[in-house]
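See below for the structure under consideration.
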Amino acid sequence: MNTAANRPEPSRTESLRLPPPRQGWGNIFWTLFGLVALGALLVACAVYTAPPVVTDWQIRDTAHPVAAARVSDGKCSTKIVLHLCDMTLTLPTPSGPVVRRINTVFTGVHAGDYSVRVMADPARPDLVTTDLALDRLWNRTVTLLVIAGALAAIIVAALAAMVRNRRAGAGAMG
């Protein structure tokens, strides 16, 4: 007597996706807070870091050292291999001084201080910059693109996960 012949044949198996556990308001708050913080970092990249990179690309071939220009409030800090330099550059011109605050972000291994020379294009003195910024222009560009891209990808992935989890939770309820 064969008992296997009496059993019904199993139907095709399908995978089940379990909905995520219900999220409380605390989890939702911290998720949204994190997204807002990442969004603020992305906006800071666009407002403070990207414009000096763009203008440095515009004058990279025509900028020359300017002896009369000065750096004030210049400081750099290092976070592992990420260097953040904030400087205020002042360039005297016949029509009045040009003052520009720049933010330079680049990667690399370096110990010690940086020395900088102020550089400007004679045709566009309002785009005053430094030799440090011009020397590391490719590094700054890639660093900006990687950081901004990573922040944007994390934000999009988190929003997609929130929508997916919300739909899965609503599907389980209905």
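The values are calculated or read from the model by the stated rules, or taken from the named source; none is laboratory data. Remember, predicted model here, so these are calculated numbers, not experimental data. Quick reminder, even Gly has a Cβ in these numbers, built from the backbone with ideal geometry, and neighbours come from all protein chains shown. Surface areas here come from the heavy atoms of the whole protein model, side chains and all, with no ligands, DNA or RNA. Shrake-Rupley method; radii C 1.70, N 1.55, O 1.52, S 1.80 Å.
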Check on ASP73, among the acidic types (Asp, Glu) and exposed (fewer than 11 other Cβ atoms within 10 Å of the Cβ)
yes
Filter the range 81-94 down to residues that are outside any strand (DSSP E or B) and modelled with pLDDT of 90 or more, then give me how many there are.
2
Filter the range 27-80 down to the residues that are of a type outside the set (Gly, Ala, Ser) and assigned to a strand (DSSP E or B) and list them by number.
HIS64, PRO65, ARG70, VAL71, ASP73, LYS75, CYS76, THR78, LYS79
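What are the residues in the range 55-67 that are aliphatic (A, V, I, L, M) and either loosely packed, with under 11 Cβ neighbours inside 10 Å or under 24 Å from the mean Cα position of the chain (by Cα) (or both), if any? Can you show your working first?
The initial filter retains those residues of the range 55-67 that are aliphatic (A, V, I, L, M), namely 59, 63, 66-67.
Correct list: ILE59, ALA67.
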Residue pairs within 8 Å by beta carbon, gap of at least six or interchain, first lying in the range 132-152 and in contact (Cβ under 8 Å) with a residue 12 or more places away in the chain, second of a type in the set (Lys, Arg), listed first then second, are ALA133/ARG140; LEU134/ARG60; LEU137/ARG60
Expected output for the range 108-122 (first residue touching a residue at least 24 places away in the same chain (Cβ under 8 Å), partner open to solvent by 50 Å² or more (accessible area, probe 1.4 Å) and β-branched (Val, Ile, Thr), Cβ below 8 Å, 6+ apart or cross-chain) is GLY108/VAL81; VAL109/VAL81; HIS110/THR78; VAL116/VAL71; VAL118/VAL71; ASP121/THR62; PRO122/THR62
Residue, nearest to the chain's Cα centre (by Cα), within the range 117-133, restricted to residues that are crowded, with 19+ Cβ neighbours inside 10 Å and among the aliphatic types (A, V, I, L, M):
ALA133
In this structure, is GLY108 loosely packed, with under 15 Cβ neighbours inside 10 Å, of a type outside the set (A, V, I, L, M, F, W, C) and under 30 Å from ILE154 (Cα atoms)?
yes
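Of the residues THR31, THR55, THR90, which is touching a Lys or Arg at 6+ places or on another chain (Cβ under 8 Å), over 24 Å from VAL109 (Cβ atoms) and not charged (D, E, K, R)? Break it down stepwise before answering.
On the way: THR31 fails: touching a Lys or Arg at 6+ places or on another chain (Cβ under 8 Å); THR55 fails: touching a Lys or Arg at 6+ places or on another chain (Cβ under 8 Å).
Every option except THR90 fails the conditions.
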